[in-house]
Amino acid sequence: MSAVTLSVVGAGHRGAEAYGDYCLRYPERAQVVAVAEPDPVRLAEFAAAHQIPPERQFTSWDDLLAQPKLSDGLVVATPDLVRAGPVVTGARQGYALLVEKPFAPTEEQLDAMSAAITESGSFVGVAHVLRYTNFYRTVKQLIDDGTIGRLIHIDQTEDIGYWHFAHSYVRGNWARAEESSPMLLAKSCHDLDLLTWLIDEPATSVSSAGTLTHFTPANAPEGAPERCTDGCPAADTCPFYAPRLYLDRLAGHHTWPVTAVTRDTSPEARLQALHEGPYGRCVYRAGSNQPDHQVVTISFGAGVLATLRIGAFTGSNTRTIRVLGSHGEISGRLDTGEIEVRRFLPAPGTEIHEWPRWDRDAQGRSGMPDDETWTIAAGPTSDPDLADTPGRRESDGHAGGDDGLMHEFVEQLSLWKSGKGAALPTELRDAERSHRIAFAAERSRHAGQTIELAG
């Protein structure tokens, strides 16, 4: 497979550190030949890393797309509200597209973008990277193989982590829904995509509840100033005190989330950024309007139910899943990659009245003693063709999903480029399903009622 060429619109965290970094590690597969980025420092750093000549460096997406077609594919990794323009224009110009999630921040934009792309006939993939992890692919295979019988219920949780929520959804780019997208869509469209993929039935109704409970002025410690750096009396007791996170706990860290605060990650630059920028603000006075906890319940065809819980107030920063079937259950944790499967199978000839009321395994978990259980270690995604290549490393971004997505996109783009049939598992129609669930969930949350979905 010869290398495909890519243009990148948006050289921020995702554009540079996920998609761009992949191309630097696998140049025989993909090469970046043009970039559009309004921040001059990010533009210069990205262009230097990829050896992009000045005539292919642009400060806006419209300048890049005003040129004759520069590459095979276009990666759109802009802020949420700046996504429609490059996506629609790029599709009409014949680029194959990889679009960062969420695909569209509003239902109106989703409708307009979908119509334009359908008309163009372009090849478009959406970056729902968790489908490309070994962890969720293993869960999918277990369900599809009938390992636990008929699928009944999936319970998916996303523990955002108290520091991550404060960084991104209180102080950061997604602090206000109208300036980005709803927290459910911005953070958990991955989870909604997973549920639609794992269940593979149409969603019929959605209900949701959740509010902004904690990060409000009423909960600010007495005497707390507008900024953590202005002498907060609660500095020693507040878990969200910015200097402790960015100067102390992340002192040796020089990528995200520090690079969202300042590109210069020296202690002096960090402190200055906290004095002047959004990440030094008191979380109780930052003006966020995103819910800090939310629950979504979705009814699917064939009687399957799914629940999604999203929480800011967790020490862990991971996802967990529990899948209930008629003949067993699956539970797993993404950060460890461990999946436990339990099948409800009694030992031959054992009558139910002979079983004890419960039993406990070595870990203290209760269950029938003769259930068949086993554990699967589903580590990060890796490409078997490249696993033994000297000097190569797989990115652990999203438990290996970032690299899994890029491996797939590049391979399918190569087929598309040569005129052969190509398709991504996360095409536009898949993103539409999960996005419409998110929009319905937000309507439900605000209205306090169940929203029926069109078939």
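The values are calculated or read from the model by the stated rules, or taken from the named source; none is laboratory data. This one's a predicted model, so the numbers in the text were calculated from it and none came from an experiment. A quick note on method: Cβ atoms are made from the backbone with ideal geometry, for glycine too, and the neighbour counts reach across all protein chains shown. SASA here: full protein model, heavy atoms, side chains in, ligands and nucleic acids out. Shrake-Rupley method; radii C 1.70, N 1.55, O 1.52, S 1.80 Å.
Points to keep in mind about this one:
- Within the chain, longest stretch clear of exposed GluC sites (Glu not before Pro) (DSSP loop, no more than 10 other Cβ within 10 Å): 29-221
- Label-zone membership for region 203-233, site Glu452, 7 angstrom Cα→C-beta point, backbone N under 14 Å: 204-206
- Separation of region 107-125 and region 298-342, taken as the distance between their Cα centroids, equals 31 angstrom.
- DSSP assigns beta bridges within the chain; of those with both partners inside it, close to 65 percent run antiparallel.
- When region 1-71 is reduced to its Cα atoms, the Kirkwood hydrodynamic radius in Å: 11.9 Å
- Zone residues, region 170-213, relative to Arg443, backbone N less than 14 Å from point 7 Å out along Cα-to-Cβ: 204-208
- Given (1) 0.96; (2) 1.08; (3) 0.99, the label whose value is Rg/Rh (Cα atoms, Kirkwood Rh) derived from this model: (3)
- The smallest convex shape that holds all Cα atoms of region 15-122, its convex hull, gives 95 Å³ per residue.
- Whole-percent P(r), region 190-263, all Cα pairs, 10 Å bins from 0: 14, 27, 23, 21, 14, 1.
- Dipole of region 26-177 [Lys/Arg +1, Asp/Glu -1 at C-beta], most positive-end residue of Leu98, Ile143, Val75: Ile143
- Probing with 1.4 Å while keeping every protein chain in the model, the per residue accessible area of region 35-162 equals 38 Å².
- Projecting the alpha carbon convex hull of region 53-179 along each direction and taking the average yields 11.6 nm².
- Inter-site label distance for Val82 and Arg263 at 7 Å from Cα along Cβ, in nm: 1.3 nm
- Set of region 6-39 residues, backbone N closer than 17 Å to the point 7 Å along the Cα-Cβ line of Arg92: none
- FRET efficiency for Glu427 and Arg322, using Cβ-Cβ distance with R0 set to 35 Å, rounded to 0.05: 0.80
- Taking only alpha carbon atoms, region 66-136 gives an Rg to Rh ratio of 0.99, where Rh is the Kirkwood radius.
- Coordinate range of the alpha-carbon atoms in region 183-224 per principal axis, descending: 52, 18, 11 Å.
- Straight-distance candidates among the lysines for linking to Lys420, with alpha-carbon spacing under 23 Å and chain neighbours fewer than 8 residues away dropped: Lys69.
- Carbon/sulfur fraction of accessible area - the chain, other protein chains in place, 1.4 Å, %: 51 percent
- Nearest-0.05 FRET efficiency for Leu247 and Asp63, computed from C-beta distance (R0 41 Å): 0.60
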